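The values are calculated or read from the model by the stated rules, or taken from the named source; none is laboratory data. Since this is a predicted model, take the numbers as computed values, not measurements. Neighbour counts run over all protein chains shown; Cβ positions are idealised from the backbone, glycine included. Each accessible area value is taken on the protein alone, full model and side chains, heavy atoms only, with ligands, DNA and RNA left out. Shrake-Rupley method; radii C 1.70, N 1.55, O 1.52, S 1.80 Å.
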Amino acid sequence: MKGFASNVNRLLDAIGKICEVFCSVIALAMVALVTVQVILRMLNMPLFGIEELLNFPTIWIYFIGGACAAYTNAHIECGIIKALSKNQKKILIAELVSSILASGLAIYVLKWGYEYSSYCLQINKKSPVLGIPMPLGELFIMIGLTLMALYTVVKLIKILVTFKTVWKGGE
C-alpha cells in the first residue's frame, strides 16, 4: 500500500509542477500580449482581438492557479487556532475540520464545474471577433476544479494519517 501511495504522491507532484510551469508561461504570455497591445495603441495601430484572446489565458491561469495553490497549500487561511494555542492536538483538530470543510466544498463546486462544462460543450459558442471555440477556455474551469478537489482531498487524507498518529501518542 505504501508503494501505491508513493506513486500517487509522485504523480500528484508531477501534475503540480506542470501546473506551476503552465501558470508561469501563461502569465508571461499575457504580459507580452498586453505589452504589444499598449505599444500598438501608442503608435495608433490597435490590433483587434487581443482583449478577446486574453480571456482564454485569464480563465486558464485563474483555475490552474487555484490548483497550484491547493497543491502547494498556499491559499489564504486565518490560522487563529495556531496563533492562540500551542497544543498540537487542538491545532490538528482545527486543521482536520478545516480540511473536511474544504474538501466538501471543493467536491460540491466540482459538481457545478461539471454541469457548466457539459453546458459549454452542448452549446459550443464561439468568441465574437476571432471565432475561437469558447470551450477551449471554459473547460479549464473543470480541469482546475478537479485538480483543486483532488489536492484538497489528498491533504485531508494526509491530515487524517497525522491525526491518527498524534492521537495515539506517537507525535
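Descriptive notes on the structure:
- Residue 118 satisfies every condition listed in (1) outside any helix (DSSP H, G or I); (2) of a type outside the set (D, E, K, R); (3) closer than 30 Å to residue 49 by Cα except (1).
- Among residues of the range 48-59, those that are outside any helix (DSSP H, G or I) and surrounded by 13 or more Cβ atoms within 10 Å (Cβ to Cβ), counted: 1
- Yes/no for residue 140 being closer than 25 Å to residue 56 by Cα, in a helix (DSSP H, G or I) and hydrophobic (A, V, I, L, M, F, W, C): yes
- Of the residues 4, 22, the single one that is out of contact with any helix residue (DSSP H, G or I) (no Cβ under 8 Å at 6 or more places or on another chain), open to solvent by 40 Å² or more (accessible area, probe 1.4 Å) and not β-branched (Val, Ile, Thr) is 4.
- Applying the criterion of being charged (D, E, K, R) and open to solvent by 50 Å² or more (accessible area, probe 1.4 Å) to the residues of the range 121-154, the residue that is nearest to residue 52 (Cα to Cα) is 126.
- Residues that are outside any helix (DSSP H, G or I) and over 11 Å from the mean Cα position of the chain (by Cα), drawn from the range 66-86: 76, 77, 78, 79, 85, 86
- When the range 34-54 is filtered for residues that are under 22 Å from residue 125 (Cβ atoms) and either out of contact with any Pro (no Cβ under 8 Å at 6 or more places or on another chain) or aromatic (Phe, Trp, Tyr) (or both), the ones remaining, listed by number, are 48, 49, 50, 51, 53, 54.
- Count of residues meeting criterion [crowded, with 16+ Cβ neighbours inside 10 Å, in contact (Cβ under 8 Å) with a residue 24 or more places away in the chain and more than 18 Å from residue 157 (Cα to Cα)] in the range 69-115: 2
- Flag if residue 35 is assigned to a helix (DSSP H, G or I), open to solvent by 50 Å² or more (accessible area, probe 1.4 Å) and over 19 Å from residue 143 (Cβ atoms): yes
Residues are listed down the side, and each one gets a yes or a no for (1) modelled with pLDDT of 90 or more; (2) surrounded by 12 or more Cβ atoms within 10 Å (Cβ to Cβ); (3) more than 16 Å from the chain's Cα centre (by Cα); (4) assigned to a loop (DSSP other than H, G, I, E, B):
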| residue | (1), (2), (3), (4) |
| --- | --- |
| 10 | yes, no, yes, no |
| 17 | yes, yes, no, no |
| 45 | no, no, yes, yes |
| 61 | yes, yes, no, no |
| 64 | yes, yes, no, no |
